[in-house]
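Taking it in order: structure first as structure tokens, then the write-up.
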Amino acid sequence: MTFRYYRDLKPTFTDRTQWALPTVLRHHAARRPDAVWLDCPEEGRTWTYAAMLAAGERVGRGLLAAGATPGDRVVIVAINSSQFVRTWIGTAMAGLVEVPINTAYEHDFLAHQVSTVEASLAVVDDVFAARFLDIPDAAKSIRKFWVIDTGHRDEALERLRAAGYEAAAWEELDEEATAPGVVEGSIELPEVRPQDLASVLFTSGTTGPSKGVAMPHAQMYFFADECVSLVRLTADDTWMSVTPLFHGNAQFMAAYPTLVAGARFVTRSRFSASRWIEQIRESRVTVTNFIGVMMDFIWKQEERDDDADNPLRCVFAAPTAATLVRPMRERFGIEAFVEVFGLTETSAPIISPYGEDRPAGAAGLAADEWFDVALVDPETDEEVAVGEIGELVIRPKVPFISSMGYFNMPDKTVEAWRNLWFHTGDALRRDADGWFYFVDRFKDALRRRGENISSYEIETSILAHPAVVECAVIAVPASSEAGEDEVMAYVITQADVTAEELWRHCDSRIPSFAVPRYLRFVDELPKTPSQRVQKAKLRGLGVTADTHDRTPENR
């Protein structure tokens, strides 16, 4: 049997010793200093490659001047902005480790991530600063905060300082920094190597709290260069992302690819289906990305005669709503829709060829020059036959193009990388031609509106209600294509409690995107002999007549 493979990837930087962000940025700043890299229409500002290098070095020196040393972690809690981007670049230039955190997180969710990475420094939007005052034990390692002004900076600084933290306006980082007793401009930036840790991005947990994926510089670069190949990105392109920069989808699968290719990157603070095509035209966008139901939302906008009058040639949609590809191409004049199947832990071992019509539901072909990819029985790790469903397992063929493990979670690292393969927990099948198809999740993680959700963390929050004695959270299918999951909670109580009371409890503890839409009260949960909840049986039941539905309009 002869499988097809994805073999179009030819690295932009052929020397793997250059696979680090500072090296990539300095390369383009030297060769095309006046070309625009970062474009922030909402701020009315742009930064050339040379200007971004200078800004990144200033921010990096500012972080080091505060006492940080290479390898220290810097937490970022902010919406998309130039300050976010410059902080990310600055951490890389200083050899520090960026830890972007979902802006919806607070209380236990935020505390877990901050304490896990033992953050030394923090950059936050003013409206999120007070959340750290609610988690003093988790935040005790933070030496200094820099606050981004969105209209409430002075109040945020006052509250942080009153709580005993050192805090300053973000603009301090954009000045040439000096450390006590050090001559101005003499703070040296370290050499940053491909194998050095670049970022920790948290992914959802299943049977435990969310895990911080330790990504070396080489992996961040490689994942980005995979996207360069995927969309055929060149220096003449402009890529717009409206998804949050605290996700890899925007950062190393949109912003970083433009940095690798020498292209222009446009970031906006949020997605607007009604303004999307106008934004494409305004910023002369040639490539963009969708997650979740964005594709469906755009398709449902009122059709206009000039929809195809735009420069867009390629859309990277994950997942792709297969039935919308052809009509979207025709309506908006789009040349290609592309997709990958990958994880923060592994980069993208499965990639779709540019411009090729895929079989319905196919995610792509194995990039076999870079990864070993197999489908195995999740109990035995023995490979399954072609056409059968198995767990996707992956291992890299090149050093440091996959994660270094879960930060400060050695037990979870060993569990996931057992038998020297990374176990994704995802069920896929492969056809006789080599195309891979996502089928289901073996693991209990969920994905809704582009956000990874930990069933364990939702269950823990619901169990904090005094009336709840047992809880199981599962995914049920969303109604729209590519909408991924809706969240459903099965609950056993020891006292009377209404669905509305539980939803209010969830609203105060759980990020809005993770609050269960469906609640079902039951007397018992199906369990294995070892007393593990059989979630597959619950998923098989789906939404029943006695399920409480908190529809979006009632939220």
Original post:
Given R₀ = 30 Å, FRET efficiency for Thr380-Gln534 by Cβ-Cβ distance, to 0.05?
Top reply: 0.90
Original post:
Which loop-located GluC sites (Glu not before Pro) does the stretch 1-106 contain, where loop means any DSSP state but H, G, I, E or B and the Cβ has at most 13 other Cβ atoms within 10 Å?
Top reply: Glu42, Glu43
Subject >> Packing-based exposure ordering (other Cβ within 10 Å, fewest first) of Val373, Val414 >> reply: Val414, Val373
Subject >> Point-charge dipole on Cβ atoms (K/R +1, D/E -1) for the stretch 280-394, about Cα centre, debye to 20 >> reply: 800
Original post:
Using only helices, what value at 222 nm comes out for the chain when you add -39,500 (n - 2.57) per DSSP H run of length 4 or more and divide by the total residues, to the nearest 500 deg cm²/dmol?
Top reply: -7000 deg cm²/dmol
Subject >> Distance from the stretch 387-440 to the stretch 1-64 (C-alpha centre basis), Å >> reply: 28
Original post:
Just going by the charge dipole of the chain, with Lys and Arg at +1 and Asp and Glu at -1 on Cβ, which of Ile462, Thr103, Ala50 is farthest out on the positive end?
Top reply: Ala50
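Which value, in debye to the nearest 20, describes the size of the charge dipole of the stretch 47-179 about its Cα centre when Lys and Arg Cβ atoms bear +1, Asp and Glu Cβ atoms bear -1, and nothing else is charged? If you can, show how the numbers build up before the last one.
Values: 11 positive and 20 negative charges, 58 e Å.
It works out to roughly 280 debye.
Net charge within 9 Å of Trp435 by Cβ-Cβ distance, Lys/Arg positive one each and Asp/Glu negative one each, not counting Trp435 itself? It would help to have the intermediate numbers written out before the result.
Numbers: positive: Arg4, Arg358, Arg430; negative: Asp431, Asp433.
Overall, the nearby charge balance is +1.
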**OP:** Would you work out which of Gly151, Thr547, Ala366 lies farthest towards the positive end of the dipole of the chain? Charges go on Cβ: Lys and Arg +1, Asp and Glu -1.
**Re:** Ala366
Subject >> Shape call, the stretch 68-184: gyration tensor on alpha carbons, a/c limit 1.5 >> reply: rounded
**OP:** Would you mind ranking Arg509, Arg395 so that the residue whose beta carbon has the fewest other beta carbons within 10 Å leads the list?
**Re:** Arg395, Arg509
Original post:
In the chain, with Lys and Arg counted as +1 and Asp and Glu as -1 at Cβ, which of these residues, Ala163, Gln113, Ile135, has the Cα nearest the positive end of the dipole, that is, farthest along it?
Top reply: Gln113
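If contacts are Cα pairs under 8 angstrom and at least 6 residues apart, what is the relative contact order of the stretch 47-179 in percent?
Values: 238 pairs, mean separation 37.4, N = 133.
It comes to 28 percent, rounded to a whole number.
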Original post:
Once you put a point 7 Å from the Cα of Arg275 and another 7 Å from the Cα of Ser512, both along the Cβ direction, what distance in nm separates them?
Top reply: 1.7
Original post:
For the stretch 446-554, what relative contact order do you get, as a whole percent, if you take Cα pairs closer than 8 Å and at least 6 residues apart?
Top reply: 25
**OP:** Calculate how many DSSP beta bridges within the chain are antiparallel, expressed in % of all such bridges and rounded to the nearest 5.
**Re:** 55
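Using the structure shown, select from Lys10/Lys412; Lys211/Lys535; Lys10/Lys397; Lys140/Lys211 the pairs with a Cα to Cα distance greater than 23 angstrom. Working shown, then result.
Values: Lys10/Lys412 33 Å; Lys211/Lys535 21 Å; Lys10/Lys397 15 Å; Lys140/Lys211 20 Å.
Table pairs above 23 Å Cα-Cα are Lys10/Lys412.
What is the order of Met93, Met294, fewest Cβ neighbours within 10 Å to most? Don't jump to the answer; show the numbers that get you there.
Details: Met93 25, Met294 22.
Ranked by crowding around the Cβ, least crowded first: Met294, Met93.
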Subject >> Cβ-Cβ FRET estimate between Thr69 and Thr17, R0 fixed at 25 Å, reported to 0.05 >> reply: 0.60
**OP:** Set the Förster distance to 25 Å, then compute FRET efficiency between Glu191 and Arg31 from the Cβ-Cβ distance, nearest 0.05.
**Re:** 0.75
**OP:** Using the Cα centre as the reference, give the magnitude of the dipole from point charges on the C-beta atoms of the chain (Lys, Arg: +1; Asp, Glu: -1; all else neutral), rounded to the nearest 20 debye.
**Re:** 520
Subject >> Relative contact order (%) - criterion: Cα under 8 Å, at least six apart; region: the chain >> reply: 13
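Determine the percent antiparallel among the DSSP beta bridges restricted to the stretch 47-179, to the nearest 5.
0
Laboratory data are not the source of any read-out in this text; all were calculated from the coordinates shown. Computed from a predicted structure; not experimentally measured. Glycine also receives a Cβ, built like all others from the backbone with ideal geometry; neighbour counts cover every protein chain displayed.
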